[in-house]
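Enquirer: Dropping the structure in here first, questions after.
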There are 2 protein chains.
Amino acid sequence: MSTSLISTPFSLPTKTHLQSQQSQAISTLKPAISLSNFTPKPLSLSSRKLPPLSAMAIEKETPENEAPPTFLKDPSTSSDSVRGRFEKMIRDAQDKVCEAIEAADGGGKFKEDVWSRPGGGGGISRVLQDGVVWEKAGVNVSVVYGVMPPDAYRAAKADGGSHKPGPIPFFAAGISSVMHPKNPFAPTVHFNYRYFETDAPKDVPGAPRQWWFGGGTDLTPAYIFEEDVKHFHQVQKDACDKFDPSFYPRFKKWCDDYFYIKHRGERRGLGGIFFDDLNDYDQEMLLSFATECANSVIPAYLPIIEKRKDTPFTDKNKEWQQLRRGRYVEFNLVYDRGTTFGLKTGGRIESILVSLPLTARWEYDHVSHFIAPCDPYYEALSQKKAVKSGNCWMLASIQKSGYDREFVTIPL
Amino acid sequence: MSTSLISTPFSLPTKTHLQSQQSQAISTLKPAISLSNFTPKPLSLSSRKLPPLSAMAIEKETPENEAPPTFLKDPSTSSDSVRGRFEKMIRDAQDKVCEAIEAADGGGKFKEDVWSRPGGGGGISRVLQDGVVWEKAGVNVSVVYGVMPPDAYRAAKADGGSHKPGPIPFFAAGISSVMHPKNPFAPTVHFNYRYFETDAPKDVPGAPRQWWFGGGTDLTPAYIFEEDVKHFHQVQKDACDKFDPSFYPRFKKWCDDYFYIKHRGERRGLGGIFFDDLNDYDQEMLLSFATECANSVIPAYLPIIEKRKDTPFTDKNKEWQQLRRGRYVEFNLVYDRGTTFGLKTGGRIESILVSLPLTARWEYDHVSHFIAPCDPYYEALSQKKAVKSGNCWMLASIQKSGYDREFVTIPL
């Protein structure tokens, strides 16, 4: 099967540059990303009777036995470029994260799948499944060469202008990861860092090459331990503060706004940082910033895992974790731009959906049985203010702490 | 929580009448369905900071202690109308199906939630959870009063015309059900029957009232037993053949096309019937047809359950069932019009998502470990032709049988 699988494990173009409205951005982009050696997704013998895949599709990938030193088309001239250095950074980050996770797991091993695309680019998926600590941990990197439509490029250009260029080739590279532990008290983490760059248009002498950075790191616990969440946010804040004091508050809020399950009126988790379309700073500085963020994942996450991975738990705790996993699935399949974009464009399905938990649960009307209006977990996610009632913990003031919300441990 | 929940457990307007392209139809309809007593979905104290819900939203429902005899606004004049008789039909069908399922389960009981909307209409959700045979079975009915935009109405009118009417009030009623059994050899069933009607425009004397029927019944097993699938399809065929010989082949194909998980290149299940926008037949005939279809669910489904519910199974069988449940989740959250429309418009979430299984599973790259290219289950879903290899069963000719595909039992 793997020969017919294709992949974009990260969301490619972003709303600010390409379209003001998120859902529109994705559908508008459908015809945009067409690669030079375009191959429609292989369907079955009877495929002509089936609804066609989106007109926009990503080039079919070829499995490789071994990861090449680089997925760049022109490695000799590109290794010092930002794209070359970004690829090296995400490859290094993948190595370091996988090594740290394997060591912390103490049993599970990452399985690696490598692929390339005939027109250039490729990816490495590493997945640890059914480990001692994690039930599923995926760390993917990929490099994509594509073509974006002139309108999107003009929207991205600061100076606008009346010249109408042809389709613009682009380069994108990213690392993307989700790790779901087994213990209900040990949180899920997600991180994703990506760099996007267009070629300088050949028909417009002196026209600039466009580029931007995006990414983020966020935590999704099933149970809230205030110290864990504060530690996690503090590491993000420290990484941000090394570069710009405005970064942390802006990117923290962006994260809260992005990971929002509209139909539930809930956030997916307890936040972290998220940014996109970032190009209004020095490029070198932003490369260093993305590197710092990627390097902060393990110090932000592993101390929490060490503390919680062996906490005794009951069937009820596991059930609650599974219900929260259901919310994770809902967010990723309904709202997440990277996932929905990947599914619609025929990306490598197994890489895209590695973000889904191993198992999840949906009970009818569960909320009314287990989550009282005063439940601090519910409060933290919905940002509703609660009052104390019965045995429930009160969440006195959600906006009081420096982290926008207060977190309390739910008694077992 | 239930006071803030709202609902449309079925997909309202349909592509033929409102838009030619399915995904477009939903987004185009966002501003369309605005009810007279429109209330934005209640959000939290901090909701102003969050992304707003879609501009189109469904009126907030009020929980009721008891199901009223009818949800019609004008019961005295409507009981003989098609809308009145359709509501009676789905209410009766809900009673009969729930009674039969409870009896077959031999332990689980349906829990009922009733709600109404201030502007008229309402619904009844009945859910049996953690029964003896079924882990989750939901049977919902609802009645919705809304307003559709003039453009949609003109598109629906056979005679077109240049007159520009105002917004058109509509009525919709439907029954919707998904039942997931515990035993991996017992299949999931889904059915849904709905009736949609506009008011006759008051400003155009003699202008017709528009109406149409939609619905279907389909089966999703984790393991294929040819006799089960043939029985299921035969009951659908018999119901269709009483009305029009073209119905079964058309609606069977429509079902196969609709329940298609594009990103997997797989069908959700093994089909049944599906139709929509049906109004080019006598209205009385179609009401009888929808009634016949709804009454055929139990005879199509229960004999299969009786045969499979006590089949011994292993952990591996359960795991495979859970993986197929994951596919069910993928289809419903990514593609199903009723679900995605309901989520986007703020329908009653618990009713909409009752279609999701109690539990589901996603393993990285599972396909390559368990499903060989010659696996008959995989073949049946993907309509790929296979050859015999090793211990796998061959699926000689997918299009050979009268049911378009051949089904074989997978050896355990």
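Enquirer: Inside the stretch A:191-233, can you point out the residues that are over 26 Å from A:ARG308 (Cα atoms) and of a type in the set (Ser, Thr, Tyr)? Show your work before the answer.
Expert: Here is the first cut: in the stretch A:191-233, the ones over 26 Å from A:ARG308 (Cα atoms) are A:193-215.
Once the filter is applied, which keeps residues that are over 26 Å from A:ARG308 (Cα atoms) and of a type in the set (Ser, Thr, Tyr), the stretch A:191-233 yields A:TYR193, A:TYR195, A:THR198.
Enquirer: Go through the stretch A:116-139 and give me each residue that's in contact with a helix residue (DSSP H, G or I) (Cβ under 8 Å, 6 or more places away or on another chain), closer than 20 Å to A:LYS73 by Cβ and not aliphatic (A, V, I, L, M).
Expert: Of the stretch A:116-139, the ones in contact with a helix residue (DSSP H, G or I) (Cβ under 8 Å, 6 or more places away or on another chain) are A:123-128, A:131-134, A:136-139.
Adding the requirement that they be closer than 20 Å to A:LYS73 by Cβ leaves A:123-124.
Passing the criteria: only A:GLY123.
Enquirer: Go through (1) in contact with a helix residue (DSSP H, G or I) (Cβ under 8 Å, 6 or more places away or on another chain); (2) of a type outside the set (A, V, I, L, M, F, W, C); (3) open to solvent by 10 Å² or more (accessible area, probe 1.4 Å) for B:ARG267 and report which single condition fails.
Expert: B:ARG267 satisfies every listed condition except (3).
Enquirer: Quick check on the stretch B:300-322: of everything there that is in contact (Cβ under 8 Å) with a residue 60 or more places away in the chain and farther than 16 Å from B:MET179 by Cβ, which residue is farthest from the chain's Cα centre (by Cα)? Steps first, please.
Expert: Step one: of the stretch B:300-322, the residues in contact (Cβ under 8 Å) with a residue 60 or more places away in the chain are B:300-311, B:313-314, B:317-318, B:320-321.
Remaining after also requiring farther than 16 Å from B:MET179 by Cβ: B:310-311, B:313-314, B:317-318, B:320.
Numbers: B:ASP310: 27, B:THR311: 28, B:PHE313: 29, B:THR314: 31, B:ASN317: 27, B:LYS318: 25, B:TRP320: 24 Å.
Here the answer is B:THR314.
Enquirer: Here is a follow-up. Does A:TYR248 satisfy the condition of being in contact (Cβ under 8 Å) with a residue 12 or more places away in the chain and more than 14 Å from chain B (Cβ to nearest Cβ)? Don't jump to the end; show me each part of the working.
Expert: Working: in contact (Cβ under 8 Å) with a residue 12 or more places away in the chain: yes; more than 14 Å from chain B (Cβ to nearest Cβ): yes.
Yes: the conditions hold for A:TYR248.
Enquirer: Hey, among A:ASP151, A:ASP130, A:ASP159, which residue is modelled with pLDDT of 75 or more, open to solvent by 10 Å² or more (accessible area, probe 1.4 Å) and among the charged types (D, E, K, R)?
Expert: On the way: A:ASP151 fails: modelled with pLDDT of 75 or more; A:ASP159 fails: modelled with pLDDT of 75 or more.
When all the criteria are applied, what remains is A:ASP130.
Enquirer: Let me ask something additional. In the stretch B:252-285, what residues are more than 13 Å from chain A (Cβ to nearest Cβ), part of a helix (DSSP H, G or I) and of a type in the set (A, V, I, L, M, F, W, C)?
Expert: Listed by number, the list holds a single entry, B:MET285.
Enquirer: Just a yes or no: is a residue in the stretch B:168-176 within 14 Å of chain A (Cβ to nearest Cβ), at pLDDT 95 or above and open to solvent by less than 10 Å² (accessible area, probe 1.4 Å)?
Expert: Residues of the stretch B:168-176 within 14 Å of chain A (Cβ to nearest Cβ): B:176.
When the remaining residues are screened for being at pLDDT 95 or above, the result is B:176.
Filter once more, keeping what is open to solvent by less than 10 Å² (accessible area, probe 1.4 Å): none.
So far as the stretch B:168-176 goes, no, none of its residues is within 14 Å of chain A (Cβ to nearest Cβ), at pLDDT 95 or above and open to solvent by less than 10 Å² (accessible area, probe 1.4 Å).
Enquirer: Within 15 Å of the chain's Cα centre (by Cα), more than 30 Å from B:GLY347 (Cβ to Cβ), part of a helix (DSSP H, G or I) and not aromatic (Phe, Trp, Tyr): does that describe A:VAL297?
Expert: Spelling it out, A:VAL297 is indeed within 15 Å of the chain's Cα centre (by Cα), more than 30 Å from B:GLY347 (Cβ to Cβ), part of a helix (DSSP H, G or I) and not aromatic (Phe, Trp, Tyr).
Enquirer: Report yes if some residue within the stretch A:241-259 is over 23 Å from A:VAL141 (Cβ atoms) and small (Gly, Ala, Ser); otherwise report no.
Expert: Yes; the residues of the stretch A:241-259 include at least one that is over 23 Å from A:VAL141 (Cβ atoms) and small (Gly, Ala, Ser).
Enquirer: Turning to a different aspect of this structure: B:PHE191: at pLDDT below 95, crowded, with 20+ Cβ neighbours inside 10 Å, in contact with a Ser or Thr (Cβ under 8 Å, 6 or more places away or on another chain) and of a type outside the set (Lys, Arg), yes or no?
Expert: Values: at pLDDT below 95: no; crowded, with 20+ Cβ neighbours inside 10 Å: yes; in contact with a Ser or Thr (Cβ under 8 Å, 6 or more places away or on another chain): yes; of a type outside the set (Lys, Arg): yes.
In short, no.
Enquirer: Do we find a residue being modelled with pLDDT of 90 or more, in contact with a Pro (Cβ under 9 Å, 6 or more places away or on another chain) and more than 10 Å from chain B (Cβ to nearest Cβ) anywhere in the stretch A:327-340?
Expert: Yes - at least one qualifying residue is present in the stretch A:327-340.
Enquirer: Condition first: touching a His at 6+ places or on another chain (Cβ under 8 Å) and over 22 Å from A:VAL139 (Cβ atoms). Now tell me which residues in the stretch A:211-232 satisfy that.
Expert: Hit for the stretch A:211-232 is A:TRP212, nothing else.
Enquirer: Out of A:PRO63, A:PRO118, I need the residue that is open to solvent by 10 Å² or more (accessible area, probe 1.4 Å) and either hydroxyl-bearing (Ser, Thr, Tyr) or out of contact with any Phe, Trp or Tyr (no Cβ under 9 Å at 6 or more places or on another chain) (or both). Which one?
Expert: Working: A:PRO63 fails: either hydroxyl-bearing (Ser, Thr, Tyr) or out of contact with any Phe, Trp or Tyr (no Cβ under 9 Å at 6 or more places or on another chain) (or both).
From the options A:PRO63, A:PRO118, the qualifying one is A:PRO118.
Enquirer: Could you list, in sequence order, all residues of the stretch A:326-359 that are open to solvent by 10 Å² or more (accessible area, probe 1.4 Å), closer than 28 Å to A:PRO184 by Cβ, of a type in the set (D, E, K, R) and in a helix (DSSP H, G or I)?
Expert: Those that are open to solvent by 10 Å² or more (accessible area, probe 1.4 Å), closer than 28 Å to A:PRO184 by Cβ, of a type in the set (D, E, K, R) and in a helix (DSSP H, G or I): A:ARG327, A:GLU350.
Enquirer: Read through the list (1) open to solvent by less than 10 Å² (accessible area, probe 1.4 Å); (2) more than 14 Å from chain B (Cβ to nearest Cβ), then give the number of the only condition that A:GLU292 fails.
Expert: Here A:GLU292 clears every test but (1).
Enquirer: Can you tell which of B:ALA200, B:ALA207, B:ALA186 is among the hydrophobic types (A, V, I, L, M, F, W, C) and open to solvent by 20 Å² or more (accessible area, probe 1.4 Å)?
Expert: Only one candidate passes the filter, namely B:ALA200.
Enquirer: Taking the stretch B:92-115 as the region of interest, how many residues are open to solvent by less than 20 Å² (accessible area, probe 1.4 Å), closer than 28 Å to B:ALA300 by Cβ and in contact with a Leu (Cβ under 9 Å, 6 or more places away or on another chain)?
Expert: 5
Enquirer: Sticking with this structure for a sec: Which of the following residues is facing chain B (nearest Cβ under 7 Å), out of contact with any helix residue (DSSP H, G or I) (no Cβ under 6 Å at 6 or more places or on another chain), farther than 30 Å from A:THR62 by Cα and open to solvent by 10 Å² or more (accessible area, probe 1.4 Å): A:GLU319, A:GLU363? Walk me through it before giving the result.
Expert: On the way: A:GLU319 fails: facing chain B (nearest Cβ under 7 Å).
Unique residue meeting the criteria: A:GLU363.
Enquirer: Within the stretch B:224-251, how many residues are outside any helix (DSSP H, G or I) and open to solvent by 20 Å² or more (accessible area, probe 1.4 Å)?
Expert: Our first condition is that a residue be outside any helix (DSSP H, G or I); within the stretch B:224-251, this holds for B:224-225, B:242-246.
Now drop any that are not open to solvent by 20 Å² or more (accessible area, probe 1.4 Å), which leaves B:225, B:242-246.
Qualifying residue count for the region: 6.
The values are calculated or read from the model by the stated rules, or taken from the named source; none is laboratory data. Because the structure is predicted, anything quoted here is derived from the model rather than measured. Methodologically, a virtual Cβ is constructed for each residue, glycine included, from the backbone with ideal geometry; neighbour enumeration extends over all protein chains shown. Surface areas here come from the heavy atoms of the whole protein model, side chains and all, with no ligands, DNA or RNA. Shrake-Rupley method; radii C 1.70, N 1.55, O 1.52, S 1.80 Å.
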